[in-house]
Amino acid sequence: MEPEREQATGKVLPRGRAWSEREEKTEGMWCPVLRRLWKDKFAVLGAGIIVVIIGLAVLAPVVSPYDPNQVDLLNRLKPPGTEGHLLGTDQLGRDVLSRLIWGGRVSVAVGVFAVLIAMFFGVFLGLIAGYFGGAFDIVIMRVIDVLMAFPYVLLAIAIIAAFGPGLVNAMIAISIIGIPYYARIVRGSVLSLREKEFIQAQHALGSSNWRIMFRHLLPNVFSSVIVAATLDVGWMIMAAAGMSFLGLGAQPPTAEWGVMLSNGRQFIRVAPHLSLLPGLAIFLVVLAFNLLGDGLRDALDPHLKE
Amino acid sequence: MFRYIVKRLLWLIPVLLGVTVLVFSIMHLSPGDPAKILLGPKATQEALEQLREELGLNRPLYIQYFTWLGNILTGDWGRSLQLKREVLPLVLDRFKATAILTMTSIIIATVIGVISGTVSATKQYSWLDRLGMLISLVGFCLPVFWLGILLQLFFGLKLEWLPMTGMYSPGSEGNFTDLLLHLILPSLTLAAGAAAVIARMTRSSMLEVIRKDYIRTAKAKGLSQSVIIYRHALKNALIPVVTVVGMQVGFLLAGAVLAEMVFSWPGIGLLMVNGILARDFPLVQGSILLVATSYVFVNLLVDLLYVLLDPQIAYD
């Protein structure tokens, strides 16, 4: 925080008080939210699943019993419960549990990064369109309307068609399809906020446009963006896995849930666990992020639940 | 209302132009020389030069775009590199299979969604409501490709009730009963997510409607619960549901690719994905263009239908 700026805007309040008020405001907002969230059993369940999956993903090198790509042709297609392979082995004798753990690392990372990229550009464009209005708004929103004229799966496929199949390109594709979503949420909130007194006051105090946008508008749209992003991580993980399933995302032998599911399909008669387990993992993650996202939304806006 | 319809129709122009620009860009954004992509790696320098001249690849990009657009509008969608056939009849033929799958799915999803949403709303907070909402949450979060495999395993492999893949059994192409049997699993798979969305929407819309004054009046008149719900409430509650159903048609049209992959359903999605993997750009562009355009027109129809059902929209 720049001291001059703080002094310039904090003329009415001594600096120390401005700080304490800010802290109070933050605590005032998030504490009841977390308390309400804690009471929501489903949200806690969702958060629990997410913590476990992220924990496993981060600690993959430590907790994974085998190297995910270690081939063991003598132990191919073993069912779950086989000694030494809790969840069995695949067609090349690779340990399914290890591949699921490492696959989670890829899938979760792709989901989170895709959301961060989409959120960054979407929020930025939404802020500009909503705050400046006029030509900015028209151009940005029309481009977004055209992007939304594509069904999202098709748009992702079209982008991958241009840049070529692969994990990184699939991630870029699904982040691009996420941008309009955030831009619309942020623009909508900014349109109503920019007429509010506290923003008008910033204009009167001579704050720059960028300062108003990033210091005053952004924190106020943050809660709806966080809810959207939480719900979105699950979808992005599913979308990335879907692209890999189609052969357009991660490529074998990468341990990734969509790739595992797609490979496992060829052995559905002899080893159904190869396609069932990665699918279950994707389902659980999507469900968990949905439960947490729904819980967060209700906790941030208790009236909505009514 | 007339002004709204005209405005909505005019809006088609920039949207369709945007769609064509995006589809056109696919080949030009792609790394590598389009002529090399079209002729393959073994092409001679002369052949490449000749093709560039033929296709106008030496000309400025915007001229190439308008030439391409002109060809598209006159029905010349190019030739598939891999299948050596005209793209337009090929994609139209495969689109039929996708349309059959999508339409069946949307009917299933609407029936299940509206019934379960209505039951949930009329019995709010009962175990039936909670169960319905739990199932819809699960349906919402189930990856299409995984649900497909689960159904295949259970109904195809274990019970052997239904065929696991394809559109017809070998030798019975064109047989309607055979088609229906093959359609059940893929359409249920594709319908699950849409049914969940429609159920949620119906429930919340119904809850809003049954709190209205005219429903209270109907109750005060002594009408039975079923008359109130089915004669008075449902009609109004379904207006916003129509939009959701329409949007789902578009999503399913594109999302069908995942179900097509699982069930080897010979739809346009499968054609598109195989085209991408084979770098068959004319085929990919043609299939994406067809699906995107039909999506735009489905959305238009939904918007117009919505205005007919609720004329207030046009004045907002």
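Since every read-out is calculated from the coordinates, none of them should be taken as a lab result. Everything quoted here is computed from the prediction, not taken from an experiment. All Cβ positions, glycine included, derive from the backbone under ideal geometry; neighbour counts span all protein chains shown.
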Helix B:176-209 vs. chain B, principal-axis angle (Cα, 0 to 90°, nearest 10): 50
The summed charge of the B:Val296 Cβ neighbourhood (under 14 Å; Lys/Arg +1, Asp/Glu -1) stands at -1
If R0 = 51 Å, then B:Gln82 and A:Phe198, at their Cβ-Cβ distance, give a FRET efficiency to the nearest 0.05 of 0.25
Other protein chain Cβ atoms within 10 Å, averaged over every residue that makes up B:149-158: 3
For chain B, size of Cβ-based charge dipole, Lys and Arg +1, Asp and Glu -1, in debye: 1260
Between the modelled labels at A:Leu205 and B:Lys158 (7 Å from Cα along Cα→Cβ) the distance in nm is 6.4
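Averaged across B:134-143, how many Cβ atoms of other chains sit within 10 Å of each residue's Cβ atom? Walk me through the numbers before you get to the answer.
Values: counts 1, 0, 0, 5, 2, 0, 3, 13, 6, 17.
Per residue, the average neighbour count from other chains is 5.
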To the nearest 10 degrees, how steep is helix A:41-58 against the longest Cα principal axis of chain A, on a 0 to 90 scale? 60
About the Cα centre of the protein assembly as shown, what is the dipole size in debye to 20, counting +1 per Lys and Arg Cβ and -1 per Asp and Glu Cβ, all else neutral? 1340
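If a/c stays under 1.5 just call it rounded; otherwise compare a/b with b/c (prolate if a/b is bigger, oblate if not). Do that for chain B, with a ≥ b ≥ c from the square roots of the Cα gyration tensor eigenvalues. Write down the numbers at each step before the final one.
Working: a/c = 3.10, a/b = 1.64, b/c = 1.88.
It comes out oblate by the Cα gyration axes.
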Identify, among A:Val270, B:Gly193, A:Ile53, the residue whose Cα sits farthest towards the positive end of the charge dipole of the protein assembly as shown, taking +1 on the Cβ of Lys and Arg and -1 on the Cβ of Asp and Glu, with the dipole about the Cα centre. B:Gly193
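Across the residues of A:256-267, average count of Cβ atoms on other protein chains within 10 Å? It would help to have the intermediate numbers written out before the result.
Numbers: counts 0, 2, 3, 0, 0, 5, 3, 0, 1, 6, 0, 0.
Average per residue, whole number: 2.
Using a 10 Å cut-off on Cβ atoms, rank the peptides A:236-249, B:171-184, A:269-282 from the highest mean neighbour count down. Please report the intermediate quantities before stating the final value.
Numbers: A:236-249: 28.4, B:171-184: 13.3, A:269-282: 21.0.
Highest mean packing first, the order is A:236-249, A:269-282, B:171-184.
How many times 2.2 N^0.38 Å is the alpha carbon radius of gyration of the protein assembly as shown?
Working it through for the protein assembly as shown, the quotient is 1.05.
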For segment A:238-284, just say rounded, prolate or oblate: build the C-alpha gyration tensor, square-root its eigenvalues into a ≥ b ≥ c, call rounded for a/c under 1.5, and beyond that prolate if a/b exceeds b/c, oblate if not. oblate
In deg cm²/dmol, rounded to 500, what helix-only [θ] at 222 nm does chain B give when every DSSP H run of at least 4 residues adds -39500 (n - 2.57) and the total is split over its residues? -25000 deg cm²/dmol
Starting with the highest mean, order A:209-215, A:167-173, B:90-96, B:68-74 by the number of other Cβ atoms within 10 Å, averaged over the residues of each peptide. A:167-173, B:90-96, A:209-215, B:68-74
If the viscosity is 0.890 mPa s and the temperature 25 °C, what translational diffusion coefficient in µm²/s does Stokes-Einstein give for segment A:30-305 when Rh comes from Kirkwood over Cα pairs? 120
Return one number: the angle in degrees, 0 to 90 and rounded to the nearest 10, between the long axis of the Cα atoms of helix B:268-277 and the longest principal axis of the Cα atoms of chain B. 40
Tally Lys and Arg at +1 and Asp and Glu at -1 over the other residues with C-beta under 13 Å from the C-beta of A:Ala255: what net charge comes out? -1
What nm distance separates the two modelled labels at B:Tyr62 and B:Ser126, each placed 7 Å from Cα along Cα→Cβ? 6.5
For segment A:29-140, radius of gyration divided by Kirkwood radius, i.e. Rg to Rh on alpha-carbons: 1.23
Among A:Leu127, A:Ile226, A:Ser192, pick out the residue whose Cα is farthest towards the positive end of the charge dipole of chain A, where Lys and Arg carry +1 and Asp and Glu carry -1 on C-beta, about the Cα centre. A:Ser192
Inter-site label distance for B:Leu69 and B:Lys221 at 7 Å from Cα along Cβ, in nm: 5.5
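Using the alpha carbons of segment B:2-73, what is the convex hull volume per residue in cubic angstrom, as a whole number? Before the final figure, lay out each step's value.
Values: hull volume 6.2 nm³, N = 72.
Expressed per residue, the convex hull around the Cα atoms of segment B:2-73 is 87 Å³.
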Estimate the FRET efficiency between B:Ser169 and B:Leu277 by the formula 1/(1 + (r/R0)^6), using the beta-carbon distance for r and 35 Å for R0, to the nearest 0.05. 0.80
Ordered by packing density, taken as the mean number of other Cβ atoms within 10 Å over each peptide's residues, highest first, how do B:4-15, A:142-153 rank? A:142-153, B:4-15
Cα coordinate range in segment B:168-294, projected on the principal axes (Å, largest first): 66, 32, 19
Lys, Arg +1 and Asp, Glu -1 on Cβ, resulting dipole of chain A about Cα centre, debye, nearest 20: 160
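Using 1/(1 + (r/R0)^6) with R0 = 30 angstrom and r between the beta carbons of B:Lys212 and A:Leu218, what's the FRET efficiency to the nearest 0.05?
Details: r = 39 Å, r/R0 = 1.29.
My answer for the efficiency is 0.20.
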Running a GNM on chain B with Cα contacts under 10 Å, which residue among B:Arg85, B:Arg231, B:Arg200 ends up with the highest mean-square fluctuation? B:Arg231
